[in-house]
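Structure record follows, encoded as structure tokens.
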Amino acid sequence: ALDYLHERGIPDDIIRKFRIGYSPDEWDAAVKFGRSKNYTDDEMVVSGTVRRNDERRTLYDHFKGRLTFSIWNENGKVVGFSARTLEKDAPVAKYVNTPETPVFKKGNLLYALPIARPEMRNLNMAILCEGQLDVIAMHRAGFTCAVAPQGTGFTVEQARILKRSTQKILLGFDSDSAGQKAILRAIELILPLDMEIGVIRFPGGKDPDELFKNEGREAIADAVQ
């Protein structure tokens with residue numbers, strides 16, 4: 001997991017700042033850890049970190065063998081995870097997320113919001129990206145007002161959360177068809193809130209992560225400008 005992050009050019013201080021982790025490639029590592037902290041099996045299942053196989057009546061780790069991105073609520077508490085497979089061309093979903101739980105409501109959360117909120121207020125601007133690695137790239141490029149919804153499913157509640165800190169949102173989604181649809185959907189939600197909207201066009205159809213890795217901070221700054 002650490003090799004993967006270093007290959008993506010993500011340094012150790014950023015790994016610590018964003019609390020990026022790893023779920024061991026074992027079926028019961030999280031199960032054993034939870035029990036060692038005196039959590040009940042039902043509590044671990046409700047938390048979304050563990051799943052239950054009803055046929056075998058056993059528990060297994062939801063994020064087994066994946067890179068984990070911590071998702072915080074507005075108060076900076078970790079309430080869930082988005083976990084990426086490290087296998088190339090794996091016959092499984094690239095990302096697995098915490099399911100809806102009593103504390104993890106996907107439509108009410110924005111990745112990196114506690115880190116980004118002070119700069120949103122300073123600049124009166126938020127940058128909305130598509131994924132965690134894009135947000136991290138924007139922060140590394142100096143745009144620490146960047147956040148992301150969980151997937152491209154931006155909600156009106158997330159827009160209202162942003163409006164509490166800023167009156168301007170720049171949309172930095174990917175240039176593919178899914179990204180374009182997400183931009184149009186986000187605009188539909190933001191316009192009725194009487195907020196200023198801009199769309200960042202990344203050159204060559206790149207996403208922020210790829211652009212920062214290949215061309216550096218200035219290329220990101222040019223696109224935002």
* Structure fact -> Of all C-alpha pairs within the range 65-139, those more than 15 angstrom apart amount in percent to 60 percent
* Structure fact -> Counting only residues 5 or more apart in sequence or on a different chain, those whose built amide H sits under 5 Å from that of Val50 are His62
* Asked: Hey, how much of the P(r) for the range 1-132 falls beyond 25 Å, as a percent of Cα pairs?
  -> 32 percent
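Roughly to the nearest percent, how much of the accessible area of the range 165-225 is carbon and sulfur, given a 1.4 Å probe?
45 percent
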* Asked: Residue by residue through the range 197-213, which ³J(HN,Hα) values in whole Hz follow from phi under the Karplus form 6.51 cos²θ - 1.76 cosθ + 1.60 (θ = phi - 60°), with glycine and proline marked x?
  -> 10, x, 10, 8, 9, 8, x, x, x, 6, 9, x, 4, 5, 5, 5, 5
* Structure fact -> Length-normalised contact order of the chain, Cα under 8 Å, at least 6 apart, in percent, tallies to 14 percent
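For the range 102-225, what proportion of DSSP beta bridges, expressed in % and rounded to the nearest 5, is antiparallel?
Working: 1 of 11 bridges.
Of all bridge pairs located within the range 102-225, approximately 10 percent are antiparallel.
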* For the range 1-97, give the percent of accessible area contributed by carbon and sulfur heavy atoms, probe 1.4 Å, rounded to a whole number. => 46 percent
* Out of the DSSP beta bridges found with both residues in the chain, what percent are antiparallel (nearest 5)? -> 65 percent
* Show that you can apply the helix-only estimate: for the chain, add -39,500 (n - 2.57) for every DSSP H stretch of four or more residues, divide by all residues, and state [θ] at 222 nm to the nearest 500. => -10500 deg cm²/dmol
* Please state the relative contact order of the range 56-104 as a whole percent: Cα pairs under 8 Å, 6+ residues apart? -> 29 percent
* Asked: For labels at Ser177 and Asn38 in the simple 7 Å Cα→Cβ model, what's the distance in nm?
  -> 5.5 nm
* Structure fact -> Using the Kirkwood formula on alpha carbons, the hydrodynamic radius of the chain in angstrom works out to 18.4 Å
* Holding the Cα-Cα limit at 24 Å, pick out from Lys88/Lys206; Lys64/Lys106; Lys64/Lys213; Lys37/Lys77; Lys64/Lys105 the pairs that are longer than that. => Lys64/Lys213
* For the chain, with every protein chain kept in place, what is the accessible area per residue (1.4 Å probe, Å²)? -> 53 Å²
* **Cα pair distances in the range 163-225, grouped into 5 Å bins until the bin that holds the longest one, percent each** => 4, 18, 26, 20, 18, 12, 3, 0
* To do: First measure r as the distance between the Cβ atoms of Lys213 and Asn122, then evaluate 1/(1 + (r/R0)^6) with R0 = 30 Å and state the FRET efficiency to the nearest 0.05.
  => 0.70
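The values are calculated or read from the model by the stated rules, or taken from the named source; none is laboratory data. All of these numbers come straight from a predicted model, not from anything done at the bench. All Cβ positions, even for glycine, are placed from backbone atoms using ideal geometry, and neighbour counts span all protein chains on display. The accessibility values were calculated without ligands, DNA or RNA, using every heavy atom of the protein model including side chains. Shrake-Rupley method; radii C 1.70, N 1.55, O 1.52, S 1.80 Å.
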